[in-house]
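**Q** This structure is in structure tokens; I'll ask about it shortly.
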């Protein structure tokens, strides 16, 4: 009987995996079209759930030809922990695919591509373990997030390795950007580095918009 139960459970797992192949990835175009929200399918039963959180072929079918090379994982203990606004400059510029496996964040992407009609504008979305959504932040955007639940874990894929000499940032509270962080008047928990970045107006030209 134990063997039969084991076979039945394996069949259910295979059925869930086959079902994931039939379900197209759900992609939402945001106010800045290059920033996208990805919502993978999630299949649950009495044991828990199965989800295919990334599939290269499905991304390519939707015109997202990204060569991810590194996965990162951060943990933030307290609400109001703010990380950002970060980016890397060429030749180590990064596309990022960000998801939350515990807790929730407000995730922000700022267009820093000179010549773009959305230069200096930003997109924000709540990304959470409950919603099981992801945000795709392309090269040419500064990225940051603020935790809105305690003990939040963020995982993200990048298309270039960490390169400290090419790491740059924009100050999180740049008055010209006026990002609406979920802080309710409180001061965020920041790293020392994140308090020292310049405003976007005081930053060099690192990225230019390439039409098409």
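What follows is calculated from the coordinates using simple rules that are stated; it is not laboratory data. As the structure is a computational prediction, the values presented were derived from the model and not from experiment. With ideal geometry, Cβ positions are generated from the backbone for all residues, glycine too; neighbour counts draw on all protein chains shown.
**Q** Name the shape class, rounded, prolate or oblate, that the alpha-carbon gyration tensor gives for the range 22-152, where a ≥ b ≥ c are the square roots of its eigenvalues, rounded holds for a/c under 1.5, and otherwise prolate holds if a/b is larger than b/c and oblate otherwise.
**A** Note, shape of the range 22-152 comes out oblate.
**Q** How would you rank 143, 117, 46, going from fewest to most other Cβ atoms within 10 Å of each one's own Cβ?
**A** 46, 117, 143
**Q** To continue, here is another question. Give me 69, 146 sorted ascending by neighbouring Cβ count inside 10 Å, so fewest comes first.
**A** With the fewest neighbours first, 69, 146 line up as 69, 146.
**Q** Let me ask something else. For the range 109-187, what does the alpha-carbon gyration tensor say about shape, rounded, prolate or oblate, given a ≥ b ≥ c as the root eigenvalues, a/c under 1.5 as rounded, and a/b over b/c as prolate?
**A** oblate
**Q** Using only Cα atoms, find the angle between the long axis of helix 2-22 and the longest principal axis of the chain, and express it within 0 to 90 degrees, rounded to the nearest 10.
**A** It is inclined by approximately 40 degrees.
**Q** Which of 50, 75, 141 ends up with the largest GNM mean-square fluctuation for the chain, with Cα atoms connected below 10 Å?
**A** Per the Cα network of the chain with a 10 Å cutoff, 50 tops the list.
**Q** Right, something else. Comparing 63, 169, 140, which has the greatest mean-square fluctuation in the GNM of the chain with Cα pairs linked when under 10 Å apart?
**A** With Cα springs under 10 Å in the chain, the top fluctuation among 63, 169, 140 is at 63.
**Q** A further question follows. Which of rounded, prolate or oblate describes the range 27-85 when judged by the alpha-carbon gyration tensor and an a/c cut-off of 1.5?
**A** Verdict is oblate for the range 27-85.
**Q** Something else about it: If neighbour count is taken as other Cβ atoms inside 10 Å, put 49, 68 in order from fewest to most.
**A** Least crowded to most crowded, the residues run 49, 68.
**Q** When only Cα pairs under 8 Å and 6 or more residues apart are kept, what is the percent relative contact order across the range 95-212?
**A** Relative CO of the range 95-212 lands at 33 percent.
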